[in-house]
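Okay, so here's the structure we're looking at.
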Amino acid sequence: MASSYGSKADNLQQLADAGFNVPKFYVVPSNAKKGTLKNQYDRWCVEHGISSTAVRSSSTQEDTKESSFAGQFVTILDVTQRNFLEAVQTVLSSKPNASYAKKSGNVHAIVQDFIEPDISGVAFSVNPASGEPEVVINVAEGRGTKVVDGVEAEQYFINRLKPEQSKQQGLLSPEQTRKIVSQVLKIEELFAYPQDIEWAIKDEELYILQARPISKINHMRLWDSSNIAESFPGIVLPLTFS
């Protein structure tokens with residue numbers, strides 16, 4: 001997977017290569033020939049036994065440490081063979097608002113096996129609002145769009161050193177919480193940077209849907225083994241923090 005397809009696609013490939021449970025995916029480049037898209041999709045779905053997909057953007061300037069463009073591009077869920085071409089063209093032609101457009105770069109499309117989750121959400125490897133060394137998990141029943149929209153979402157704060165959830169009753173069981181925290185910290189280690197991670201659970205199986213660097217962490221210092229401190233400017237991600 002070439003990094004020229006953007007950080008989102010590149011990060012997914014790194015996650016998959018490192019053994020994380022990433023739903024199968026491939027990338028449709030911005031300059032792909034339309035005549036071959038449908039045949040490629042049909043063959044890929046048959047090969048992997050996939051009935052529907054999620055089509056997401058991957059801009060060459062998206063999901064970096066400096067800028068996120070979170071929510072600026074189109075994502076289409078539960079895409080089938082019937083509406084695949086329309087979905088891909090919609091994503092490839094999607095543009096952020098005027099303040100972002102000039103610096104958004106080329107937009108490619110990620111085609112990913114669609115997981116219809118029992119529960120899903122986002123998790124931050126550190127608290128972006130306070131900088132506290134805790135994993136913050138936002139979760140809702142069904143699709144993760146509910147979490148981003150702030151609809152019926154629960155929030156958990158878990159100490160990184162002692163992963164016990166502060167809320168013992170809710171959508172997440174203690175076992176699920178520990179599993180998410182473990183994966184979040186391993187992903188942060190993989191990328192050597194605090195992460196904002198989209199995840200889903202279906203039939204008790206945890207899937208990692210995407211990971212991006214947190215581009216702003218307020219009042220934060222991070223210490224490595226040499227006690228070197230750093231601070232991280234940028235934009236809070238996603239819309240679960242203001």
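No lab work stands behind these numbers, since they all come straight from the coordinates. Everything numeric in this text was worked out from a predicted model, so none of it was measured. Please note: Cβ atoms are built from the backbone with ideal geometry, for glycine as well, and neighbour counts cover all protein chains shown.
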The long-range amide H neighbours of I119, using H built 1.01 Å from N in the peptide plane and a cut-off of under 5 Å, are G142, I201
Given the pairs K8/K162; K24/K179; K38/K186; K33/K202; K8/K216; K8/K38, which span a C-alpha to C-alpha distance of over 25 angstrom in this model? K8/K162; K38/K186; K33/K202
Formal net charge of residues neighbouring Q40 (Cβ-Cβ distance under 13 Å; K, R +1; D, E -1): +2
Which order, highest average first, do 133-142, 23-32 follow once you tally other Cβ atoms within 10 Å for each residue and take the mean per peptide? 133-142, 23-32
For G19, what charge total do you get from the other residues with a beta carbon under 15 Å from its beta carbon, if Lys and Arg give +1 and Asp and Glu give -1? 0
The extension gain from E86 to I50, computed as 0.36 nm times the residue separation minus the Cα-Cα distance, is 11.1 nm
